[in-house]
2 protein chains.
Amino acid sequence: MSHKSEIGTYGIRDTRQKRAIRQVFERCERPLTTEEVLVEAQRESTGLGIATVYRAVKTLVDEGWLAHVEVPGRGTLYEVAGKEHHHHFDCSACGRVFELEGCVQPAALPLPRGFRAASHELTIVGTCAECNRKPDARARVRG
Amino acid sequence: MSHKSEIGTYGIRDTRQKRAIRQVFERCERPLTTEEVLVEAQRESTGLGIATVYRAVKTLVDEGWLAHVEVPGRGTLYEVAGKEHHHHFDCSACGRVFELEGCVQPAALPLPRGFRAASHELTIVGTCAECNRKPDARARVRG
DNA sequence: GCGTTCCTGCGAATGGATTATCAGAATGGG
DNA sequence: CCCATTCTGATAATCCATTCGCAGGAACGC
């Protein structure tokens, strides 16, 4: 009862598990599923459990360090927050989602009378560089 | 065992329930969730159950009359298939999803070296005409 | 109408994602 | 180094969407 959680503290204690999870996001530089985080973080923190991943991700989202992302057909992903407006690339071969820089003008798309746009989300589906290089060995998730 | 299902038959028998469900899609002219289909179709077919909606939707998708759509944050939707390439509008006020005509050139968005695009999905989020007109009475789903 | 076969509604069952529980392990201020 | 407090891992529990199982109801060729 002596301590209270503050923004940016990522919880109160600095643990091996939380360190590993945060590093995974910094290393991968792309939106990740909780499963991907689990697998990647286990390389640094053996025995890591999925529950801890969910707890850590929730904490990081609450603190504003992570942002929640949804890509059609890929469910819930998380990416480091604070980046400028961008879109995503969904590799249909390996299933990984990447961040794309830049943005087309969705304003160019005429809306029905009376409709007002506030934001937009664009996902490009295709195959990533790695999968195009070696079409067979569907890339396993790597950092 | 004397009959077999064929494309376009929408099952074997013509029932009140299936007629109602198909009409809902023709009337609403927008992607619908199974819940929306249930509520709307019940106006014509009292007592309609959700299982029947799922069964009918599955049949219609198999026959190519309906297409599966996913909009971030809205889960699974279904829309009449066969339309030309288009995108969607997600009303953050009433939760309804609409179809938009036309398409911007996503090709304008440069991809990382080696990436190949196959398709794209764009969702514009905002408020629909009806919700803009009467900001309070969040539109209930209507046909 | 008749009967076969398919369809429907209900409620239970399933599957996947996320959260809760709890005992034991780890952290870190003193 | 001590110990209160927080964290963690394993597992059970929960949630939600979708499907299954089944008994009764409806469709339609004859």
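In the range A:42-52, of all residues being surrounded by 15 or more Cβ atoms within 10 Å (Cβ to Cβ) and near DNA strand D (Cβ under 9 Å from one of its atoms), the one that is nearest to A:Tyr78 (Cα to Cα) corresponds to A:Thr52. Close contacts from the range B:18-35, counting a first residue that is away from chain A (no Cβ under 14 Å) and farther than 18 Å from B:Thr76 by Cβ and a second that is within 16 Å of DNA strand D (Cβ to nearest atom) and assigned to a helix (DSSP H, G or I), with Cβ to Cβ under 6 Å and a gap of 6+ residues or different chains, come to B:Lys18/B:Ala56; B:Ala20/B:Ala41. Within the range B:67-94, the set of residues being touching a helix residue (DSSP H, G or I) at 6+ places or on another chain (Cβ under 9 Å) and either in a loop (DSSP other than H, G, I, E, B) or touching a residue at least 60 places away in the same chain (Cβ under 8 Å) (or both) comprises B:Ala81, B:Ser92, B:Ala93, B:Cys94. Only a single criterion out of (1) over 21 Å from A:Cys103 (Cα atoms); (2) touching a Cys at 6+ places or on another chain (Cβ under 8 Å) is not satisfied by B:Phe89, namely (1). As a summary of the residue check, B:Phe98 satisfies the conditions (1) of a type in the set (Phe, Trp, Tyr); (2) in contact with a Cys (Cβ under 7 Å, 6 or more places away or on another chain); (3) within 15 Å of DNA strand C (Cβ to nearest atom) except for the one numbered (3). Exactly one residue among B:Arg22, B:Arg55 is over 28 Å from B:Val125 (Cβ atoms), within 9 Å of DNA strand D (Cβ to nearest atom) and either of a type in the set (Phe, Trp, Tyr) or at pLDDT 95 or above (or both), and that residue is B:Arg55. Would you confirm, using the coordinates I've provided, whether B:Val39 is away from chain A (no Cβ under 14 Å), over 18 Å from A:Gly73 (Cβ atoms) and more than 11 Å from DNA strand D (Cβ to nearest atom)? Yes: the conditions hold for B:Val39. Restricting the range A:37-66 to residues that are among the acidic types (Asp, Glu) and assigned to a helix (DSSP H, G or I), the residue that is farthest from DNA strand C (Cβ to nearest atom) is A:Glu40. Is it the case that the range B:49-60 has a residue that's of a type in the set (A, V, I, L, M, F, W, C) and within 24 Å of A:Val69 (Cα to Cα)? Within the range B:49-60 (the criterion being of a type in the set (A, V, I, L, M, F, W, C) and within 24 Å of A:Val69 (Cα to Cα)), the answer is no, since none of the residues qualifies.
For the range B:85-102, the set of residues classified as modelled with pLDDT under 95 and within 7 Å of another protein chain (Cβ to nearest Cβ) consists of B:Gly102 only. State yes or no: is B:Thr33 among the β-branched types (Val, Ile, Thr) and at pLDDT below 95? No. Residues of the range A:92-127 that are exposed (fewer than 12 other Cβ atoms within 10 Å of the Cβ), within 21 Å of B:Pro110 (Cβ to Cβ) and among the small types (Gly, Ala, Ser): A:Ala107, A:Ala108.
The values are calculated or read from the model by the stated rules, or taken from the named source; none is laboratory data. Worth saying up front: this structure is predicted, and the values here are computed from it rather than measured. Please note: Cβ atoms are built from the backbone with ideal geometry, for glycine as well, and neighbour counts cover all protein chains shown.
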